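Working notes for the structure below.
The values are calculated or read from the model by the stated rules, or taken from the named source; none is laboratory data. Since the structure is predicted, the reported quantities are computational estimates derived from the model, not experimental observations. A quick note on method: Cβ atoms are made from the backbone with ideal geometry, for glycine too, and the neighbour counts reach across all protein chains shown.
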Amino acid sequence: MTQKILLTGGAGYIGAHTYVALSKAGFEPVILDNFSNADRDTPARLAQLTGKACLCHDCDLLDSDGLDAVFAAHDFAATVHFAAYKAVGDSVARPQAYFNNNMGGLINLLGAMERHDLGRIVFSSSATVYGDCDQQPIPETAPLSATNPYGLSKLVGEQMLGQMQVAHPDWAISILRYFNPVGLHKSGLLRLSPEETTQPPENLMPRLIEVAKGTRKQLSVFGDDYDTPDGTGLRDYIHVEDLARGHVLALQALITTDESHTVNLGTGQGYSVLEMIAAFAAACGRDIPYTIAPRRAGDVARCYADVSHAKAVLGFETEFGLNEMCADSWVA
Ligand code: UFG
């Protein structure tokens with residue numbers, strides 16, 4: 001029998017890509033989304049991409065009754081919890097909103113899981129939980145810390161799940177720490193239209209796209225005096241399709257072994273901002289003017305994953321390299 005998987009935030013960027021990968025792998029994903037940072041057309045596009053009707057509930061995770069109704073309507077094998085606010089700078093300006101939405105949403109979801117006797121969850125965490133880490137590449141055993149309200153919401157989310165595990169030793173919990181997701185499904189159908197985006201982009205890739213399109217004059221490179229080969233920040237960019245496949249493997253591991261795990265999802269390779277500019281300019285065939293600006297508060301010099309545990313536990317290895325990540329990010 002096809003297993004139904006609840007995807008909270010399933011209409012968002014990573015959620016929608018994971019929807020396609022799960023559907024391809026033989027699961028039946030069901031979306032719950034309040035469309036606060038997702039395109040209303042996404043379910044229709046997912047139906048087009050998968051050739052199957054898209055089950056989608058327009059529901060806010062803070063609405064416990066609505067959540068109960070969704071759980072009552074389906075027999076879920078697991079949930080993947082994407083739904084959360086995710087912009088670091090925004091979180092510094094609106095900490096309460098992040099605590100309410102990210103921690104409150106998880107609390108409600110965990111309550112619904114207990115009431116409906118569902119003990120499998122994949123949690124979208126982030127490399128942000130490593131803070132400014134001395135160990136590079138970063139193993140999952142590195143010390144954890146939070147440097148902003150968004151990071152705190154992810155760290156506390158992981159800790160809440162740790163306590164749920166104590167109370168429910170039979171639960172199978174997957175914590176996936178994403179590095180820097182970029183790229184798009186090759187169809188171009190899963191691009192978020194700018195008018196649907198409520199959070200202005202502060203990440204490198206959306207800004208590179210804006211500069212290539214001419215809607216932003218130039219890219220500000222935040223600091224060229226870091227202790228890195230060219231002085232600009234090094235990050236572990238991972239193609240969203242690889243990331244989506246990581247979720248499929250995590251779910252399969254939970255379902256077949258009923259054992260919990262915490263893994264990094266990255267490539268293990270760090271690229272600098274200047275390397276990203278050059279690769280993106282080559283991919284779109286346009287100049288990317290840039291200027292060196294002061295360091296951005298809270299940024300770290302380098303952040304890339306030790307990927308050995310993900311390979312050992314999930315058999316996860318990335319397929320896409322930098323050129324494909326840039327080419328697939330560019331939809332003119
Ligand atoms: N950068 C620029 N100019 C820009 C935007 C970014 O130079 O206009 C630089 C940053 O300084 C950094 C690199 O590009 O060196 C990547 O920056 P992003 O904002 O794209 O990503 P971050 O690594 O800062 O943050 C990302 C996610 C967070 C997550 C973190 C965890 O956005 O949600 O990775 O590793 F917490």
With respect to LEU190, determine if the residue is in contact with a His (Cβ under 8 Å, 6 or more places away or on another chain), among the hydrophobic types (A, V, I, L, M, F, W, C) and part of a loop (DSSP other than H, G, I, E, B). yes
So, restricting to strands (runs of 3 or more DSSP E) that lie completely within the range 48-154, which ones have at least 3 residues that are β-branched (Val, Ile, Thr), at pLDDT below 95 and surrounded by fewer than 21 Cβ atoms within 10 Å (Cβ to Cβ)? none
Flag if GLY105 is near the ligand (Cβ under 10 Å from one of its atoms), assigned by TED's automatic domain parsing to the domain that holds LEU314 and out of contact with any Phe, Trp or Tyr (no Cβ under 7 Å at 6 or more places or on another chain): no
Apart from one, (1) assigned to a loop (DSSP other than H, G, I, E, B); (2) more than 12 Å from the ligand (Cβ to nearest atom) all hold for TYR226; the odd one out is (2)
Just checking, how many residues over the range 307-319 are in contact with a Gly (Cβ under 7 Å, 6 or more places away or on another chain) and under 30 Å from ASP224 (Cβ atoms)? 1
Any idea which residue in the range 282-309 is nearest to ARG216 (Cα to Cα), counting only those that are of a type outside the set (Asp, Glu) and without any contact (Cβ under 8 Å) to a residue 24 or more places away in the chain? GLY285
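Let's see how each residue does on (1) within 16 Å of the ligand (Cβ to nearest atom); (2) at pLDDT 95 or above; (3) outside the structural domain of PHE82 (by TED's automatic domain parsing):
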{"site": "ILE173", "(1), (2), (3)": "no, yes, no"}
{"site": "PHE179", "(1), (2), (3)": "yes, yes, no"}
{"site": "ASN203", "(1), (2), (3)": "yes, no, yes"}
{"site": "PHE222", "(1), (2), (3)": "yes, yes, yes"}
{"site": "LEU243", "(1), (2), (3)": "yes, yes, no"}
{"site": "HIS247", "(1), (2), (3)": "no, yes, no"}
{"site": "ALA279", "(1), (2), (3)": "yes, yes, yes"}
{"site": "ALA283", "(1), (2), (3)": "no, yes, yes"}
Considering every residue within the range 265-275, establish whether at least one is under 30 Å from GLY162 (Cβ atoms), assigned to a strand (DSSP E or B), away from the ligand (no atom under 13 Å from the Cβ) and under 19 Å from the mean Cα position of the chain (by Cα). no
Any chance GLU259 is more than 15 Å from the ligand (Cβ to nearest atom), touching a helix residue (DSSP H, G or I) at 6+ places or on another chain (Cβ under 9 Å) and either assigned to a helix (DSSP H, G or I) or among the aliphatic types (A, V, I, L, M) (or both): no
The residue that is farthest from GLN3 (Cα to Cα), considering only those in the range 249-275 that are acidic (Asp, Glu) and in the same structural domain as VAL182 (by TED's automatic domain parsing), is GLU259
If I ask for residues that are within 20 Å of SER174 (Cα to Cα) and of a type outside the set (Phe, Trp, Tyr), which ones from the range 51-80 would you list? LEU61, ASP75, ALA77, ALA78, THR79, VAL80
